[in-house]
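Each reported figure results from applying straightforward, stated rules to the coordinates on display, with no laboratory input. Please read these numbers as outputs of a predicted model, since none were measured by experiment. Reconstructed Cβ throughout: ideal geometry from the backbone, glycine too, with neighbour counts over all protein chains shown.
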Amino acid sequence: MRKAVPTRKKLAMTLFYFASTAEFRTIANLFGVSRAFLCNCIKDVCCAIIKNLQRRLIYIPKDDELKSILETYKEKWGFPTCAGVIDGTHIAIIAPKEDHTDYVNRKGYHSVVMQALVDCKYLFRDVVIGWPGSVHGARILSNSTIDKGNDNNLFPDIRESIGGQVVSIVILGDPAYPLLPWLLKAYPENVYTPQSQRVFNYRLSRARMTVENTFGRWKGRFRRFSKRLDMEVLGVVNLISASCIVHNRCELQRNEVL
């Protein structure tokens with residue numbers, strides 16, 4: 001009778017898959033299991049991570065944690081009342097069997113979009129994964145919990161007076177997003193742009209580096225996502241979701257990115 005594979009080994013195989021770009025067969029041989037077993041193991045471990053850890057590790061900050069984030073964006077990044085930065089990244093996938101043309105992004109390859117709200121600690125605070133690569137960021141936002149949450153006070157009513165204007169908590173986005181009371185983006189720039197708007201744009205761009213850094217740290221930690229994922233879309237969604245949860249755990253434990 002074949003011995004059951006220990007849970008720790010299943011987790012190790014999944015984390016190795018996240019962190020490497022090796023093929024399924026190579027990883028299966030390395031751990032002494034079949035390719036089919038490895039595939040099923042990764043699916044099961046991802047589902048377990050999502051079920052047991054997602055709400056504990058990916059959430060909108062509140063109270064003292066939120067105040068610490070606001071203070072860091074103000075003091076370190078030069079942008080007050082900022083609770084986070086939102087952006088999207090494309091994850092390459094094999095062409096789906098259904099509606100495959102919807103998944104072709106503007107660069108010409110098949111992908112799913114991962115929209116993320118991150119903070120100054122490089123933590124994922126909200127993730128929306130699985131929209132086809134052709135879908136615009138504004139549409140993804142309008143269908144997200146962030147947009148609906150801001151209609152119901154996603155953040156507490158914390159305000160600060162800046163230059164005689166009372167400003168509430170905001171998040172920052174790039175030009176793909178709409179300008180909203182709680183979402184700021186840069187002013188369009190030309191030769192007539194006032195200096196005050198140029199300074200605003202500089203500070204916003206500097207603060208937005210936190211989302212670029214977060215994506216960079218995530219992909220540096222889990223190189224799998226720099227390569228095309230050859231699996232069905234649901235599997236891709238669960239894989240990315242689980243990796244974001246593990247990323248947050250690593251950042252909280254201050255594990256270095258190799």
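Structure above, values below:
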{"item": "Residue pairs, from the table LYS3/LYS43; LYS51/LYS74; LYS62/LYS121; LYS43/LYS121; LYS3/LYS97; LYS76/LYS107, whose Cα atoms sit over 26 Å apart", "result": "LYS51/LYS74; LYS43/LYS121; LYS3/LYS97; LYS76/LYS107"}
{"item": "At most 13 other Cβ within 10 Å, DSSP loop - chymotrypsin sites (Phe, Trp or Tyr not before Pro), the range 123-219", "result": "TYR192"}
{"item": "log10 of Debye I(q)/I(0), alpha-carbon scatterers only, for the range 186-258 at 0.16 Å⁻¹", "result": "-0.71"}
{"item": "Prolate/oblate/rounded call for the range 102-207, Cα gyration tensor, a/c under 1.5 rounded", "result": "oblate"}
{"item": "Amide H contacts under 5 Å for ALA186, placed H, 5+ residues apart", "result": "none"}
{"item": "Taking N as its residue count, the alpha carbon Rg of the range 137-258 over 2.2 N^0.38 Å", "result": "1.32"}
{"item": "Dipole magnitude of the chain, debye to nearest 20 (Cβ charges: Lys/Arg +1, Asp/Glu -1, about Cα centre)", "result": "1140 debye"}
{"item": "Evaluated over the range 110-170, the Cα radius of gyration and Dmax, each in Å", "result": "14.7, 48"}
{"item": "Full-stretch length increase - ASN52, ARG228 - with 0.36 nm per residue and alpha-carbon distance subtracted", "result": "60.6 nm"}
{"item": "From the coordinates shown, Cα extents along the principal axes in Å corresponds to which of [x] 52, 44, 39; [y] 75, 41, 34; [z] 54, 45, 34", "result": "[y]"}
{"item": "Percent of alpha-carbon pairs separated by more than 16 Å within the range 1-129", "result": "74 percent"}
{"item": "Folded to 0 to 90 degrees: helix 209-221 orientation relative to the chain principal axis, Cα", "result": "10 degrees"}
{"item": "Principal-axis tilt of helix 195-207 within the chain, Cα atoms, nearest 10 degrees", "result": "20 degrees"}
{"item": "Alpha carbon centroid spacing (whole Å) that separates the range 122-147 from the range 150-185", "result": "18 Å"}
{"item": "Estimated FRET transfer efficiency (HIS136, ARG8; beta-carbon r; R0 35 Å; 0.05)", "result": "0.25"}
{"item": "Long-range HN-HN contacts of VAL167 with modeled amide H, under 5 Å", "result": "GLU160, SER161, ILE162"}
{"item": "Paramagnetic reach from GLU71 in the range 118-139 [backbone N under 20 Å; point 7 Å along Cα→Cβ]", "result": "119-123"}
